[in-house]
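See below for the structure under consideration.
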Protein chains: 2
Amino acid sequence: MAPRPLDYESINENVKKTQYAVRGELYLRASELQKEGKKIIFTNVGNPHALGQKPLTFPRQVIALCQAPFLLDDPNVGLLFPADAIARAKHYLSMTTGGLGAYSDSRGLIGIRKEIAEFIERRDGYPSDPELVFLTDGASKGVMQMLNTIIGSNKDGILVPVPQYPLYSAAITLYGGSLVPYFLEEEANWGLDVNNLRQAIAGARSRGITVKAMVIINPGNPTGQCLSRANIQELLQFCYQENLALFADEVYQQNIYQDERPFISAKKVLLDMGPPISKELQLISFHTVSKGYWGECGQRGGYFEMTNLSPQAVEEIYKVSSISLSMNISGQIFLGLMVNPPKPGDISYLKFSMESKAVLESLRRRAQIMTDGFNSCRNVVCNFTEGAMYSFPQIRLPPRAIEAAKKAGKVPDVFYCLKLLEATGISTVPGSGFGQKEGVFHLRTTILPAEEDMPAIMASFKKFNDGFMEQYEDYRGYSRM
Amino acid sequence: MAPRPLDYESINENVKKTQYAVRGELYLRASELQKEGKKIIFTNVGNPHALGQKPLTFPRQVIALCQAPFLLDDPNVGLLFPADAIARAKHYLSMTTGGLGAYSDSRGLIGIRKEIAEFIERRDGYPSDPELVFLTDGASKGVMQMLNTIIGSNKDGILVPVPQYPLYSAAITLYGGSLVPYFLEEEANWGLDVNNLRQAIAGARSRGITVKAMVIINPGNPTGQCLSRANIQELLQFCYQENLALFADEVYQQNIYQDERPFISAKKVLLDMGPPISKELQLISFHTVSKGYWGECGQRGGYFEMTNLSPQAVEEIYKVSSISLSMNISGQIFLGLMVNPPKPGDISYLKFSMESKAVLESLRRRAQIMTDGFNSCRNVVCNFTEGAMYSFPQIRLPPRAIEAAKKAGKVPDVFYCLKLLEATGISTVPGSGFGQKEGVFHLRTTILPAEEDMPAIMASFKKFNDGFMEQYEDYRGYSRM
């Protein structure tokens, strides 16, 4: 019998080739174990509320009122909601015709897009045009749309860091493009070396690939590094010389845990460089409410800003946005709240700033506890999490462990992470899901478990790792010293 | 200078070829006029709240509480919220780890998927497996994902009705597939004639196209017809014979304005037919909170159910869903509320049933006023809106109007709709955006303007149309009698 159209044999080959490790084998096994009653610590994905982070009060008050606008006419509303939340809900409702139940324009509500443009302007010191800011159901959807826009065939290449967040590899495969990897330097704190970029692009061109764009993730995912201004300048220059668009994934811009390299946006560095590059280089910058001290992942609020795109190209992107009509309106309002949090003098300011500061300070401490915990294991080396929400330790696996993995039909770091999961309930993602150099192994965890649980989690990791080493170490050496 | 990667010349050709008339030239012109201060009646898209439909109270109370769970501990909560809304909010919050701020599993919350499966079971009288129900940010996103799954190249064809909702033509073009049109029979109340399907598939095959799936929209968009059981049986038999998957767009299943042909799902008809077809034919059914008496478009809550897909294919679809992590959680809860509205005996039952009944009964009356209004124009013929939210009158344009349109460089129905917009502020979509037979012209309006405004809108249309005819009629004939 011929296969049916939705049988595995028949479906889009690009769908089958796509891999997405963050919710891959490890996650599926963790979900099974959870069903069987085992306690799982899900550190596979940056999902702060799932690990106990409480939502910030003020934005949730505003959204609740926007969802139930009839409360605004209730004489008791002041018993449950502060006056500034009520005022803000009215402000956002005045931007819509039909409230949260109506589709907005497919680019998002113009009022919110203006507030975002003003935020970018304050942040960078340069004007931002709301007509070039598009809202999306989470930043991932925007990345996918823009990759689909730029990829026309498997001859179109996208430079992607290794290690990388697998959204990029997955979407490039799904849309039939070619991923062109460039390596980050683990020994240089996951820095970006332009020589690696030159090598990567030369290699791709020799294979007949037109490299069209470069992706940076700053702060880094899974690597946690913060790029310096000089580094960003260099890579912008490189993109300009090579006629590449730059996709700047800046979703962790609020998550900074050191003071030497504060976040600086690719757009600011570009505009600081002046013409001709500032007027020509095409840049797409992504941001979200899912990260920062918000962590509102489940609200699906994201945006991208386009720099140096022609009106004709923007129109094409608008047209594609239109096909799925509009992003969810409450996510749009969260974006508005993110770029316009309560100000000094507002009734809710003190509470809001205490809540948000507590989240960021705790993340900073957790980043340190985790890095230190990993580095206390003799076969683990881990760069400090300068930013973002992840720790990405290198695990030096003994040859016998690598052999045992091969026998089990597993990639060595998958083998290690599965054993870690079964022994401790800690659900991580193997480094192979993000890409790494041949013969080097990592895992990614988030730094998101509750601060009070962190010492026990790291102790549990260390105990597992010690046992693993005892079982597999043969005193002849490690995978890489 | 070489074009840059995101210049119009460089971007994905499929993006450029894609058309989406619902937010096309007419919509853009209407938006401009609105900016200039003109009052626009947006009937281009089925967006009930934007035209004044009020949200149902109970679901909004539940969602507001889920967004602000701290209210549940407030002693004053009972002053603003009824006890059953409070209980329901707790019920949904118990399904999530981390509330509305956490990503869910990429298929959606299992608790909601179970409630949907139970709803399908009650509706159809056959078991439904929650593992085969995936939640999406609106039904459109699900349709796009499944088209991307089934289309592997431009040799893969999808049978799509003409006229059709342009989501289908747009997504098929975007993903590089081939649209294979089949005509609905306007004279037979927009019925589906299997002979047209046979012709369409034979033609496609002679061009080397493998037709992989067929789309039906029931109740119809833009045509408003409700398919009979016999008609659905026939087309299922056709799909089975020709080895096609069926995509059943059933988002208007609650919007029925006649009693002869109540909604019957493709899944029910399929399972009623018994083996072998009931065990083999692959069916994807779509539903949403955007339509019905809910009209909660801005919440972006949709789902699809898969029938007769192998676990291996479902896994591939799950993997692709994972790339964008999860749909928005409040939209998921709206889906739960839609399939489990308040029941007799619940505190909120009476209010909820009065509100929902009022919406549906008014839509029914508006469907009648609109059909009658169009049919009162001597050059307009309009089938009754049996279901969905649209009226799709045929406008018989005099030859001189067609000539004038050509001179203006416009498709004749675009020319007519633009003039209608400028004269009256009524923003419609030309029939050419949905597809129509050669030399026949239509427009689509929603039946959603407020009932009290409807007579004035139809009078305004009639006055415009009379003037248009006076200007262009030459007493020699019409485009098609």
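The values are calculated or read from the model by the stated rules, or taken from the named source; none is laboratory data. The shown structure was predicted, so the numbers you read here are calculated from the model rather than taken from an experiment. For neighbour counting, all protein chains shown are included, and Cβ atoms are generated from backbone atoms with ideal geometry for every residue, glycine included. Side chains included, ligands, DNA and RNA excluded: accessible areas come from the protein's heavy atoms. Shrake-Rupley method; radii C 1.70, N 1.55, O 1.52, S 1.80 Å.
Exposed loop sites here mean GluC sites (Glu not before Pro) with a DSSP loop assignment and at most 14 other beta-carbon atoms within 10 Å; chain B contains its longest site-free run at B:37-259. Between B:Glu25 and B:Glu315, the contour length at 0.36 nm per residue exceeds the alpha carbon distance by 100.4 nm. Residues of region B:241-275 whose accessible area (probe 1.4 Å, heavy atoms of protein chains only) drops by at least 20 Å² once all protein chains are present, relative to their chain alone: B:Asn243.
Hydrodynamic radius of the protein assembly as shown by the Kirkwood approach over all distinct alpha-carbon pairs: 29.3 Å. Find, among the trypsin sites (Lys or Arg not before Pro) in region A:9-40, those assigned to loop by DSSP (not H, G, I, E, B) with at most 15 other beta-carbon atoms within 10 angstrom. Answer in residue order: A:Lys38, A:Lys39.
Placing +1 on each Lys and Arg Cβ and -1 on each Asp and Glu Cβ, with no other charges, gives the protein assembly as shown a dipole about its Cα centre of roughly 580 debye. Between 0 and 90 degrees, the angle of helix B:329-339 with respect to the longest Cα principal axis of chain B falls at about 90 degrees. What angle, in degrees between 0 and 90 and rounded to the nearest 10, separates the Cα long axis of helix B:57-67 from the longest principal axis of the Cα atoms of chain B? Helix B:57-67 sits roughly 60 degrees off the main axis of chain B. For B:Arg229, the distances from its label point to the matching points in the remaining copies are 7.5 nm, ordered from shortest, with each point set 7 Å beyond Cα toward Cβ. To the nearest Å, what is the center-to-center distance of region B:253-288 and region A:226-302, using C-alpha atoms only? Rounded to whole Å, the Cα centres lie 49 Å apart. For region B:293-395, the set of trypsin sites (Lys or Arg not before Pro) satisfying both a DSSP loop assignment and a count of at most 14 other C-beta atoms within 10 Å is given as B:Arg378. Taking every protein chain into account, the accessible area of chain A amounts to 35 square angstrom per residue (probe 1.4 Å).
Taking all protein chains as shown and a probe of 1.4 angstrom, B:Thr97 keeps an accessible surface of around 100 Å². Solvent-accessible area of chain A (1.4 angstrom probe, protein heavy atoms only): carbon and sulfur portion equals 53 percent. Summary value for region A:3-92: 18 percent relative contact order, contacts being C-alpha pairs under 8 angstrom separated by 6+ residues. Interface residues of region A:317-345, defined as a loss of at least 30 Å² in heavy-atom accessible area between the chain alone and the complex of all protein chains with a 1.4 Å probe, are A:Tyr318, A:Lys319, A:Val320, A:Ser322, A:Ile323, A:Ser324, A:Leu325, A:Asn328. Each part gets one Cα centre, and for region A:15-74 versus region A:194-223 those centres are 32 Å apart. Here the contact order of region B:287-446, divided by its residue count and restricted to Cα pairs under 8 Å and six or more residues apart, works out to 15 percent. With 30 Å² as the minimum drop in accessible area between chain alone and full protein complex (1.4 Å probe), the qualifying residues in region A:290-316 are A:Gly298, A:Gln299, A:Arg300, A:Gln312, A:Ala313, A:Glu316.
Taking only Cα atoms, what is the 0 to 90° angle, nearest 10, from helix B:311-323's long axis to the longest principal axis of chain B? Between helix and principal axis, roughly 80 degrees. Restricting the trypsin sites (Lys or Arg not before Pro) of region B:185-265 to loop positions (DSSP other than H, G, I, E, B) with no more than 11 neighbouring Cβ atoms within 10 Å leaves B:Arg207.
Among the listed pairs A:Lys141/B:Lys291; B:Lys17/B:Lys419; A:Lys343/B:Lys39; B:Lys38/B:Lys141, which are separated by more than 31 Å between their Cα atoms? Working shown, then result.
Values: A:Lys141/B:Lys291 24 Å; B:Lys17/B:Lys419 26 Å; A:Lys343/B:Lys39 36 Å; B:Lys38/B:Lys141 33 Å.
Exceeds cut-off: A:Lys343/B:Lys39; B:Lys38/B:Lys141.
Pairs over the 18 Å Cα-Cα cut-off, from the set A:Lys16/A:Lys319; A:Lys155/A:Lys212; A:Lys16/A:Lys410; A:Lys54/B:Lys90: A:Lys16/A:Lys319; A:Lys16/A:Lys410. Residue-wise HN-Hα couplings along region B:290-306, as the Karplus relation 6.51 cos²θ - 1.76 cosθ + 1.60 with θ = phi - 60° gives them from phi, are 6, 10, x, 8, 7, x, 8, 4, x, 7, 6, x, x, 8, 10, 10, 9 Hz; Gly and Pro carry x.
Summary for A:Lys351: label point 7 Å along Cα→Cβ; distances to the equivalent points in the other copies, ascending, 2.4 nm. Going by a ≥ b ≥ c, the root eigenvalues of the Cα gyration tensor, does region A:43-132 fall in the rounded group (a/c under 1.5), the prolate group (a/b larger than b/c) or the oblate group? Cα axes put region A:43-132 in the oblate bin.
Between A and B, buried accessible area summed over both sides at probe 1.4 Å, in Å² to the nearest 100? Walk me through the intermediate numbers first.
Working: alone 20840 and 20840 Å², together 33390 Å².
Between A and B, the summed buried area is about 8300 Å².
A:Lys38 label point (Cα plus 7 Å toward Cβ) to equivalent points in the other copies: 6.5 nm, shortest first.
Of all lysines in the structure, those lying under 16 Å Cα to Cα from A:Lys267, and not within fewer than 8 positions of it along the same chain, are A:Lys279.
Quantify how strongly other chains surround peptide A:50-58 by giving the mean number of their Cβ atoms within 10 Å of each of its Cβ atoms. Could you put the intermediate results ahead of the total?
Details: counts 8, 3, 3, 3, 5, 9, 1, 2, 0.
Mean number of neighbouring Cβ atoms from other chains: 4.
Across chain A, Cα pairs under 8 Å and at least six residues apart give a relative contact order of 21 percent.
Using a Förster radius of 45 Å, what is the FRET efficiency between A:Asp466 and A:Glu260 based on their Cβ-Cβ separation? Nearest 0.05, please.
Values: r = 34 Å, r/R0 = 0.74.
Calculated transfer efficiency: 0.85.
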